[in-house]
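Below is one structure, written out as structure tokens, with a few remarks after it.
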Amino acid sequence: MTSLLPLATALGVAVLAASPAASCEQAAFAPSTKEHLQPLSVPAAEIGAWLTASPYSSGIHFTSELHGRDLWLDITDFPERTPEVGSIRALMQLGRVVGADFDRLVLVDGQEALFVVAETDLRSVGCQFIWPANTGTNPIDLMRRMIEALREENGGGPIKGLSETGSAGTSVNAVAIVEDHLNVAWVESARPGATAPDIPDQRPDHMVGLEAPRVQASAMPAGERLAFNGL
């Protein structure tokens with residue numbers, strides 16, 4: 001059986017099998033004593049600043065704000081050498097640490113709403129997510145589940161690229177959905193040289209300067225295998 005460890009390394013996770021749950025207090029919780037993994041520990045409105053300051057975000061910058069019971073999340077800077085899966089990985093991380101004062105996560109580009117994820121779907125993946133450890137289990141399953149939970153804000157249909165049964169399919173197809181659909185819509189304006197809205201830095205003073213190292217990565221699909229180098 002072909003190993004999926006290279007992609008697991010790019011995602012930066014360890015996975016514990018469990019049934020879906022709406023919060024980390026339920027059965028799907030993978031406990032940890034590490035400070036950055038404490039569940040529901042970051043106020044929803046501050047999650048963008050928290051992700052930006054995290055050394056596990058590969059240099060991606062985020063902004064976040066609450067609109068009623070919707071939590072808006074935008075990517076404002078996506079460094080050139082950041083792994084493409086950094087976008088979906090951030091949603092998994094958010095699903096573990098963000099506070100519970102919202103019902104939907106809305107992925108936005110400036111003021112344009114693109115995709116939504118229900119809070120319960122975020123928890124069912126995020127509460128099982130441990131990073132940066134890698135135990136050799138199957139982290140790709142959680143990535144697939146997060147992709148399958150994404151809905152288009154316009155019309156409510158699933159993200160493009162899923163099978164007729166709503167499956168993200170193989171690891172290669174799942175990454176292709178991230179690159180060709182999620183990132184084209186959500187990330188493109190944040191890439192170097194792109195024109196993006198001028199959004200002020202939201203990081204609190206104590207987070208400024210905590211920048212993640214830029215990571216060089218390359219991907220080469222070969223059947224079910226996706227090899228990442230330089231991670």
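Can you find a residue that is modelled with pLDDT of 90 or more and buried (at least 21 other Cβ atoms within 10 Å of the Cβ) anywhere in region 134-142?
Step one: filter region 134-142 for residues modelled with pLDDT of 90 or more, giving none.
Looking through region 134-142, none of the residues is modelled with pLDDT of 90 or more and buried (at least 21 other Cβ atoms within 10 Å of the Cβ).
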Checking the structure you have, find out if any residue of region 155-163 is in contact with a helix residue (DSSP H, G or I) (Cβ under 6 Å, 6 or more places away or on another chain) and at positive phi. yes
Wholly enclosed helices (runs of 4 or more DSSP H) of region 114-184 bearing at least 3 residues closer than 20 Å to Ala44 by Cα and within 15 Å of the chain's Cα centre (by Cα): 119-126
Tell me which of these Leu71 doesn't satisfy, since it passes every other one: (1) modelled with pLDDT under 95; (2) of a type in the set (A, V, I, L, M, F, W, C); (3) assigned to a strand (DSSP E or B). (1)
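Based on what the data block shows, is Ala185 surrounded by 13 or more Cβ atoms within 10 Å (Cβ to Cβ), modelled with pLDDT under 90 and touching a Phe, Trp or Tyr at 6+ places or on another chain (Cβ under 8 Å)?
Against the criterion (surrounded by 13 or more Cβ atoms within 10 Å (Cβ to Cβ), modelled with pLDDT under 90 and touching a Phe, Trp or Tyr at 6+ places or on another chain (Cβ under 8 Å)), Ala185 does not qualify.
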What residue, among those in region 99-133 that are under 17 Å from His36 (Cβ atoms) and surrounded by fewer than 23 Cβ atoms within 10 Å (Cβ to Cβ), is modelled with the highest pLDDT? Gly99
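The values are calculated or read from the model by the stated rules, or taken from the named source; none is laboratory data. Please read these numbers as outputs of a predicted model, since none were measured by experiment. Positions of Cβ are generated from backbone atoms using ideal geometry, with glycine treated the same way; all protein chains shown enter the neighbour counts.
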